[in-house]
Amino acid sequence: MMVPFPVSSPATVLFCLIAVLVISRVVSNRKLRTKRENIVTIGVNIKNNTNGIISQTSALLRSLTSTSEWARNGYQRFSKTPIQRAFALPSMWTGSDVVVLPPALLASVLNRPEAELAAHHAQLDTIQLPYMMSDSDVYNNPIQYDVIRRTMSRQHVGSLAATTAKELQNAFSTYWSAPVKHDRDWATLDNWEACGKVFTRVAMLSLVGSPLGHDERLLDWARKYASSVITGTAFINCLPPGWIRSSAGPLFGIQARYYQSRCLRIMGPVIQERIWKLQSGAGQDVDDFLQSTILRCSRTGDPRQMDPQRIALRLLGLATMSIMGMVYVFTHCVADVYGMPDRKREELLAALEAECKREARPDEGVTFSLLDSTLNESMRLNNISVTSLARDVAVDSLHIPGVEKAGGDAGGISYTLPRGSRIVFPTQEMHRDEGVYGRNPEEFDPFRFYREFQTEGGRFDDMCKGLLVFGYGKHACPGRHYAMQTLRQTLAYLVLNYDVALVGPVDADGGHALRGKRQTLLNVNVPNVDLKIRVRRKR
Ligand code: HEM
């Protein structure tokens, strides 16, 4: 089973963490920057003692379990006031605190030049690639992102739809239907693993093409690689940064590096052959993502970029982002839809089915308002992290003008942040803000976006109404059009072809008793990888 967050011996892990943290704090005497002007730190009870090692260490330790609650508290107390204010959260992630900026500053801050506010290091800290990848050029010089921006843009993504639709069909029949003898029998599957296999197959085919995308050994290793990157990251981020993280971190990356080497062993020779073919003038007519990546690497004029292992790792990194993003979203969507109370679930499924039958092709160019509304609503409620869009101050002192007072008066509170400060946005709380999303923002209401946020022609805005699941500004997810298209196709396929039931206790109204329950480790919302589903093909 794919277990991204094993919890086999939490007491041991906690004990080790406390020990290393205390030692590291005594040695390094790092300080929370709690005296920053205009910014209150939630969760620290220091009073006039900003050097209080005990209270600071205790706050960092409590950040492992309290980040979500603190973010909620800070959002209500500071971000929602008429002059929205920043606050700070202690975080083991940085070993200090992170500054949580209010929503109104999103556009002005995230569009700052990279030289002032840098994304790169903060993004690497978000998935800890240096511990998971053997070649630093892949993440320090990510030319593969250009290929996504070009081939998976809104205009181009539709051309991938036919391939993903066909592959989805193959994936569902291989992984979901094959376990049972008769077509109409129920099979019991792990939700996380079953969705993981489907999305690995589809994402890998889109990125590495055929024959690699059909190699079952590679698909298995790639899925395990993606999973171990996420698990490793979760644990590494719980280690105090500095020498402890850099010494112990590699241990948490061992598993990922093992899977990486298995993948590269299979991918390398096939990519090498493609390169030779291209260099000999053959295979010019092939038009897939792998080909585009090779051509992009060749355009650098640097022969080191034509190393097949490096190209393979670039693709594996993208596959990891694709697989984990889509699996996280879809497993939650399955739990949300099929965990609803009986009456509401039946109403939704009937409406989704009618929409899918009305619109024959769930791909680009066709409006699928209710499918998209359902996915948006599930993503709104199931943020991967509590805060996101992390950036680091890259100048000695960064001045951020505050939110203006109502009526256009200048004079909102402004902030001056020193080099190295990490800023984030309270995206989880923004997604649950009653002022934006209306009544019962905590409730899964799949018709919410359909009812309230459709634009002309039935589409939703790219980043509609403050929904930030794909980020914002120049670093917004370049794979979002592909991800949404594939998620939409998958939900349509599931609704049309399978009966699904969640395994586990149900409430009196027929809803799944565990719906909406979540666990947070530091800044990450841990998915319920133990959820089982029963599935059966429809007639
Ligand atoms: C449901 C699935 C996905 C979710 C929720 C998601 C989410 C995100 C978010 C929030 C960011 C912005 C991070 C930031 O601002 O620091 C991002 C960036 C990125 N995503 Fe996605 N993503 C998904 C799927 C994909 C796919 C399918 C691909 C590739 C095919 C992809 C490739 C990337 C890349 C390369 C970046 C970095 C962009 C940059 O730094 O300029 N993502 N993603």
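The values are calculated or read from the model by the stated rules, or taken from the named source; none is laboratory data. These figures come from a predicted structure and were not determined experimentally. Neighbour counts run over all protein chains shown; Cβ positions are idealised from the backbone, glycine included. The accessibility values were calculated without ligands, DNA or RNA, using every heavy atom of the protein model including side chains. Shrake-Rupley method; radii C 1.70, N 1.55, O 1.52, S 1.80 Å.
For residues in segment 364-383 being among the aliphatic types (A, V, I, L, M) and modelled with pLDDT of 95 or more, which is farthest from the ligand (Cβ to nearest atom)? In this case the residue turns out to be LEU381. For GLY510, state whether it is touching a helix residue (DSSP H, G or I) at 6+ places or on another chain (Cβ under 6 Å) and either surrounded by fewer than 16 Cβ atoms within 10 Å (Cβ to Cβ) or not assigned by TED's automatic domain parsing to the domain that holds GLY158 (or both). So GLY510 fits the description; yes. Across segment 270-285, the number of residues qualifying as more than 12 Å from VAL208 (Cβ to Cβ) and in contact (Cβ under 8 Å) with a residue 24 or more places away in the chain comes to 2. List the helices (runs of 4 or more DSSP H) that sit entirely inside segment 105-211 and contain at least 1 residues that are more than 14 Å from the ligand (Cβ to nearest atom) and either hydrophobic (A, V, I, L, M, F, W, C) or open to solvent by 40 Å² or more (accessible area, probe 1.4 Å) (or both). In segment 105-211, 106-110, 129-132, 136-140, 161-171, 191-208 are the helices (runs of 4 or more DSSP H) which contain 1 or more residues that are more than 14 Å from the ligand (Cβ to nearest atom) and either hydrophobic (A, V, I, L, M, F, W, C) or open to solvent by 40 Å² or more (accessible area, probe 1.4 Å) (or both). Criterion applied to ARG439, ARG451, ARG459, ARG422 was being of a type in the set (D, E, K, R) and modelled with pLDDT of 95 or more, and the one residue passing it is ARG422.
Conditions (1) touching a Leu at 6+ places or on another chain (Cβ under 7 Å); (2) farther than 30 Å from LYS277 by Cβ; (3) in a helix (DSSP H, G or I); (4) charged (D, E, K, R), marked per residue:
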{"position": "SER292", "(1), (2), (3), (4)": "no, no, yes, no"}
{"position": "LEU295", "(1), (2), (3), (4)": "no, no, yes, no"}
{"position": "GLN305", "(1), (2), (3), (4)": "no, no, yes, no"}
{"position": "MET321", "(1), (2), (3), (4)": "no, no, yes, no"}
{"position": "PHE330", "(1), (2), (3), (4)": "yes, yes, yes, no"}
{"position": "CYS333", "(1), (2), (3), (4)": "yes, yes, yes, no"}
{"position": "VAL337", "(1), (2), (3), (4)": "yes, yes, yes, no"}
{"position": "LEU349", "(1), (2), (3), (4)": "no, yes, yes, no"}
{"position": "LEU352", "(1), (2), (3), (4)": "yes, yes, yes, no"}
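Is there any pair linking a residue in segment 215-238 that is free of Cβ contacts under 8 Å to residues at least 40 places away in the same chain to one that is open to solvent by less than 10 Å² (accessible area, probe 1.4 Å), with Cβ under 7 Å and at least six apart or on different chains, and which? Matching pairs, first to second residue: LEU219/THR200; LEU219/MET204. Among residues that are of a type outside the set (D, E, K, R), at pLDDT below 95, buried (at least 21 other Cβ atoms within 10 Å of the Cβ) and over 20 Å from the mean Cα position of the chain (by Cα), LEU239 is included.
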